[in-house]
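Worksheet for the structure shown next.
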Amino acid sequence: GENVEQHPSTLSVQEGDSAVIKCTYSDSASNYFPWYKQELGKGPQLIIDIRSNVGEKKDQRIAVTLNKTAKHFSLHITETQPEDSAVYFCAASLTGTASKLTFGTGTRLQVTL
Amino acid sequence: NAGVTQTPKFRILKIGQSMTLQCAQDMNHNYMYWYRQDPGMGLKLIYYSVGAGITDKGEVPNGYNVSRSTTEDFPLRLELAAPSQTSVYFCASSSTPISTNEKLFFGSGTQLSVL
């Protein structure tokens, strides 16, 4: 089955700096790669996603890049703000399986003032 | 706009007890899921359902049961609670399969401790 590895497990940045979280996946058949943000005491929420026919996608301060050859994808957050502090999960969807996402182990991002 | 509602938010069980975690969604989604979240382990799929009357096992189904009698509700049953089931449980739903790039809507979770 699919295996998703996520690094780093914790990340501390100063407000205004950029943050990068990286994930690798094992199954070349995966074609959908979402990123979820989980704030304390809440369920994860989708913040951005990318499909395998696209190399990069941006949404304001957030961007995701995908390298299909290397089987890795990354989340980039620019001009970080305190409200960006949360746990971020990457995930991959295996083509051909009806309704399953394989999640990474999460990155706890702390934005300090 | 309730979305996905989970109850209870917290629960402590004794070993061997049973309980049902409730999940309801009001978005008329066909697909519903149960995940467990352990520290440093990400989210693991327990069971999922593609519609009323249809359920299937996920990655970690042992010790759990589900049913889907209506589109709205997807309860998760623990029959003989064990310490290994101490975790945070999330219910989620989507309108189409994940493989068609549909996003998951998560509930706020149930924190379960088995002592």
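Surface exposure of region B:51-96, expressed per residue as accessible area with a 1.4 Å probe, stands at 46 Å². Each of B:50, B:110, B:35 was scored by the projection of its Cα onto the charge dipole of chain B, and the greatest displacement toward the positive side belongs to B:110; charges sit on the C-beta of Lys, Arg, Asp and Glu.
Quick one: work out Rg over Rh on the C-alpha atoms of the protein assembly as shown, Rh as Kirkwood radius.
0.97
Mean projected area of the Cα convex hull of region A:10-113, taken over all directions, amounts to 6.5 nm². Over all Cα atoms in region A:52-113, the spread is summed up by Rg and Dmax: 13.7, 45 Å. Once the convex hull of all Cα atoms in chain B is built, its volume per residue stands at 94 Å³. Using the Cα coordinates of region B:33-96, the gyration tensor eigenvalues translate into equivalent-ellipsoid semi-axes of 20, 14, 9 Å, sorted from longest to shortest. Accessible surface computed residue by residue for region A:2-92, with neighbouring protein chains in place and a 1.4 Å probe, gives 50 Å² per residue. Rounded to the nearest 20, the size of the Cβ-charge dipole of chain B about its Cα centre is 280 debye, with Lys and Arg at +1 and Asp and Glu at -1. For the protein assembly as shown, the share of accessible area belonging to carbon and sulfur comes to 49 percent (1.4 Å probe, ligands and nucleic acids excluded).
Backbone amide hydrogens, once placed in the peptide plane, bring residue B:68 within less than 5 Å of B:53, excluding anything fewer than 5 places away on its chain. Rounded to the nearest 100, the interface formed by chains A and B buries 1700 square angstrom of accessible surface, both chains summed, with a 1.4 Å probe. Cα-based radius of gyration for region A:1-49, normalised by 2.2 N^0.38 Å, reads 1.36.
The values are calculated or read from the model by the stated rules, or taken from the named source; none is laboratory data. Since this is a predicted model, take the numbers as computed values, not measurements. Virtual Cβ from ideal backbone geometry, glycine too; neighbours counted across all protein chains shown. Accessible surface areas use protein heavy atoms only, side chains included; no ligands, DNA or RNA. Shrake-Rupley method; radii C 1.70, N 1.55, O 1.52, S 1.80 Å.
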